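Input: a single structure, listed below in structure tokens.
The values are calculated or read from the model by the stated rules, or taken from the named source; none is laboratory data. On a predicted model such as this, the values are computed, not experimentally measured, just so you know. Note that each Cβ is placed from the backbone with ideal geometry, even for glycine, and that neighbours are counted across all protein chains shown. Accessible surface areas use protein heavy atoms only, side chains included; no ligands, DNA or RNA. Shrake-Rupley method; radii C 1.70, N 1.55, O 1.52, S 1.80 Å.
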Amino acid sequence: MMNNRIDKILSERVFTKESLVELLNANTDDTAKIFAEARKIKKEYIGNKVHLRGLIELTNYCTKNCYYCGIASGVKNVNRYMLSMPEVEQAIRFIHENHYGGIVIQSGELQSEKFVSLIEEILHKANSISGNTLGITLSCGEQIPETYKRWKDAGAHRYLLRIEASNRDLYYKLHPRNKKHDFETRVSALYSLKELGYQTGTGVMIGLPFQTVEDLASDLLFMRDFDIDMCGMGPYIEHEDTPLYKFAHLAVNKTQKVQLSLKMIAILRIMMKDINIAATTAMQTLINGGREMALKAGANILMPNTTPGIFREHYSLYKNKPGLYEEAADSKDMIEKLIQRTGSITGYGEKGNAPHYYRRCRSLNSQSLPTTNRS
Ligand code: SF4
């Protein structure tokens, strides 16, 4: 039976907290309509391509203690590693030679001068190996604006800094309430990135203990109002060695997490038509075929893991992460088949920048408007 309310929201596209809660609470039939609308919008504004970013998990050292994270500094049962420059170089060459088009350097949060210069060196290396053809994303946490600027000057294009929860109270249930984990600092870091001209991305965890559907609606409004270019969000997956684990029973069940995550992706696609949205590994961890589902719900980016195989098991933000024991080439084959199964094609050799970023730059009449096309 037709639910006029959901139809009305989808046709009028006036998104308030109340209307978003209605979408997030939609029943199975109405959810199918939300997914269909998201697919239509994705086809129109993004097209049929899925773009790849080879993920390099540079180090699992981190100075912070987020309560949900399996590599937080307080988690003892972790073999800490830092990839050597030859290992990073090998991964960059793999990404370049296999025409992935994009690269993501991810790490725990470190702010030492040694680390800041190491990232600069990696950026120079990636640009020199690829002849400046790779789109380079950093995901190395909160840094001072000067550091973000140094990395931008060294050749980074995009930055992903997840807010994790836009509700301040919920944020402090996930993080210690201290200077190192300050909510306002996180928001201000996001603004610094945008001001510096990065393609700026954020995201949240879905299905957290203490989280309400209203919180998720607010997360969607936060991303819209911040005017993000990219989003990486996925289900919360508990890690038994972390402080949040004792509250895991308060989270929604696995099926609800999957459904909520897919709905968040679809609704965000409807709200922010031309941004890049990642089908995250966490989706795959939660359910077999999770990334395919995410692509079908409106996501358009995949991040195959290209970290050398022997280190992957140590970058466990959560348990049961897929691809831990596969070498990069196996993952590439698997990813290609996955994309084919969704009826999409792979945007090999293309940076896959978000059309939204170009539109945002144009509307700001920015001098830093990139001269490249989406390739
Ligand atoms: S979530 Fe990021 S910043 Fe927080 S402890 Fe884990 S790696 Fe460190």
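For the chain, rounded, prolate or oblate, judged on the Cα gyration tensor with a ≥ b ≥ c (square roots of eigenvalues), a/c < 1.5 rounded, else prolate if a/b > b/c?
Working: a/c = 1.39, a/b = 1.20, b/c = 1.16.
Because its axes are fairly even, with a/c under 1.5, the chain counts as rounded.
Spatially, segment 1-68 and segment 184-222 are offset by 15 Å when compared through their Cα centroids. What part of the accessible area of segment 1-104, given as a whole %, is carbon or sulfur when the probe is 1.4 angstrom? Here carbon and sulfur together make up 52 percent of the probe-accessible area. The Cα atoms of segment 1-114 give a gyration tensor whose axes a ≥ b ≥ c have a/c of 1.5 or more with a/b no greater than b/c, which makes the shape oblate. Length available on full extension from E184 to T63: 0.36 nm per residue minus the Cα-Cα distance, which gives 41.7 nm. Full extension of the chain between K40 and N253 gives 73.7 nm of extra length, using 0.36 nm per residue less the Cα-Cα distance.
Note on the chain: GNM, Cα springs under 10 Å; of H175, H124, H249, the largest mean-square fluctuation is that of H249. In the context of the full set of protein chains, segment 258-309 has a per residue accessible area of 18 Å² (1.4 Å probe).
May I ask you to list the chymotrypsin sites (Phe, Trp or Tyr not before Pro) in segment 181-282 that are in a DSSP loop and have at most 15 other Cβ atoms within 10 Å of their Cβ?
Numbers: sites: F183, Y191, Y198, F210, F222, F226, Y236, Y245, F247; in loops: Y198, F210, Y236.
Taking segment 181-282 and a limit of 15 other Cβ atoms within 10 Å, the loop chymotrypsin sites (Phe, Trp or Tyr not before Pro) found are F210.
When DSSP beta bridges are limited to those with both residues in the chain, what percentage is antiparallel, rounded to the nearest 5? Intermediate results must be reported in sequence, preceding the final value.
Numbers: 1 of 29 bridges.
Rounded to the nearest five, the antiparallel share is 5 percent.
In segment 58-166, which trypsin sites (Lys or Arg not before Pro) are in a loop and have at most 12 other Cβ atoms within 10 Å, using DSSP for the loop call? Qualifying residues, ordered by number: K76, R80.
Place +1 on the Cβ of every Lys and Arg and -1 on the Cβ of every Asp and Glu in the chain, take the dipole about the Cα centre, and give the residue among M85, A278, I95 whose Cα lies farthest towards its positive end. With unit charges placed on the Cβ atoms, the residue in question is A278.
When +1 charges are put on Lys and Arg Cβ atoms and -1 charges on Asp and Glu Cβ atoms, the dipole computed for the chain relative to its Cα centre reaches about 480 debye. Considering only L123, H157, F247, the residue lying farthest towards the positive end of the dipole of the chain is H157, judged by Cα position with unit charges set on Cβ.
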